[in-house]
Amino acid sequence: MGNTSGNRNRLKLASYNIRKAKGVDRRYDPGRIIDILAALEADVVAVQEADFRWGDRPGALPAALIAGHTDYELVPVAQHPDSLGWHGNAVLVRRGTIVRQVTRLTLPGLEPRGALRIDLDIGGPFSVVATHLGLTRYHRQAQLAAILGAVALDDYPTAIMGDFNEWSATRGLDPLQGDFAIHAPGKSFHASMPMAALDRIALGGGMALTDGGVVQTVQSLRASDHLPIWGEVAFTPRKPAN
């Protein structure tokens, strides 16, 4: 769970497109992905490309490795027993975190895409949406609009994070404007030569980014074609209306 300072809670959020644990060196190595995830020491991690696409979409990381070598718990979102996520999106939370509800969102587009809304109790309701947006701007905007519709009626802190697949620093994420502050902690793609901030964290009202960055280590530069991003956020918990 995050630290509480005065009436403000502080959390470390992270997002990582693990590319099914296949590195830029073409090696499938789930162990190094696990090491990177553990070193993040985040409260919540959104993981993209967590499952393979064939058959029953088996997980790219052994669940036993997550349980045995990290301080995370895998939020149960999968619909297949061997999968980690929903449309490749998985969510890890610090062990002991209270998960109130899981909502699977099917997003519009030519290719199957989805998002996960995870409602947590962190001194009060807190919602995280984990997603991997599509390859065209038209569909990304439709997908963001669908996500916004799924959280619009709530008045408690919400963070949307994942691989937004948007190369522009100023365009393409219009549906979130006005409701969310969009942060790109740094250039996260391509890991071998970072040139684009594809991975982002969008924070709803009452939330502030206090620090953030991209993890560039010898291991992370090889483990996937994306680098992990992280952000420390402060927010004031709000109690539910009923």
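Points worth noting:
Listed here are the residues, each with its yes/no results for (1) farther than 24 Å from G123 by Cβ; (2) open to solvent by 60 Å² or more (accessible area, probe 1.4 Å).
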site: V47; (1), (2): yes, no
site: E73; (1), (2): no, yes
site: A90; (1), (2): yes, no
site: R104; (1), (2): yes, yes
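- Within the stretch 219-239, considering residues that are surrounded by 20 or more Cβ atoms within 10 Å (Cβ to Cβ) and part of a loop (DSSP other than H, G, I, E, B), the one nearest to the chain's Cα centre (by Cα): P228
- From the list R117, R100, the one residue that fits, being within 14 Å of the chain's Cα centre (by Cα) and either under 22 Å from L40 (Cβ atoms) or outside any loop (DSSP other than H, G, I, E, B) (or both), is R117.
- Hey, L116 touching a helix residue (DSSP H, G or I) at 6+ places or on another chain (Cβ under 9 Å), closer than 22 Å to E49 by Cα and not acidic (D, E) or not: no
- Entry remark, the stretch 106-134: residues being modelled with pLDDT under 95 and either farther than 23 Å from L13 by Cα or of a type in the set (F, W, Y) (or both) number 5 in total.
- The listed residue being touching a residue at least 12 places away in the same chain (Cβ under 8 Å) and within 17 Å of V44 (Cβ to Cβ), out of T236, T210: T210
- Cβ-Cβ under 7 Å pairs, at least 6 apart or on other chains, the stretch 167-196 side closer than 26 Å to Q216 by Cα, far side of a type in the set (V, I, T) and in a loop (DSSP other than H, G, I, E, B): A191/V24; S192/V24
- Whichever residue in the stretch 195-218 is buried (at least 16 other Cβ atoms within 10 Å of the Cβ) and in contact with a helix residue (DSSP H, G or I) (Cβ under 9 Å, 6 or more places away or on another chain) and, among such residues, is modelled with the lowest pLDDT: G204
- Just one residue in the set L105, L13 is in a strand (DSSP E or B), of a type outside the set (D, E, K, R), touching a helix residue (DSSP H, G or I) at 6+ places or on another chain (Cβ under 6 Å) and at negative phi; that residue is L105.
- Number of positions in the stretch 120-172 that are part of a strand (DSSP E or B) and either buried (at least 19 other Cβ atoms within 10 Å of the Cβ) or basic (K, R) (or both): 15
Per-residue answers, yes or no, for (1) modelled with pLDDT of 95 or more; (2) more than 23 Å from N165 (Cα to Cα); (3) in a loop (DSSP other than H, G, I, E, B):
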{"residue": "R26", "(1), (2), (3)": "yes, no, yes"}
{"residue": "G31", "(1), (2), (3)": "yes, yes, no"}
{"residue": "L37", "(1), (2), (3)": "yes, no, no"}
{"residue": "A42", "(1), (2), (3)": "yes, no, yes"}
{"residue": "A46", "(1), (2), (3)": "yes, no, no"}
{"residue": "W54", "(1), (2), (3)": "no, no, yes"}
{"residue": "I66", "(1), (2), (3)": "yes, yes, no"}
{"residue": "H80", "(1), (2), (3)": "no, yes, yes"}
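The values are calculated or read from the model by the stated rules, or taken from the named source; none is laboratory data. Please read all numbers here as calculations on a predicted model, not as lab measurements. When we count neighbours, we look across all protein chains shown, and the Cβ atoms used for this are built from the backbone with ideal geometry, even at glycine. When the accessible area is computed, the model is the full protein with side chains, heavy atoms only, and any ligands, DNA or RNA have been set aside. Shrake-Rupley method; radii C 1.70, N 1.55, O 1.52, S 1.80 Å.
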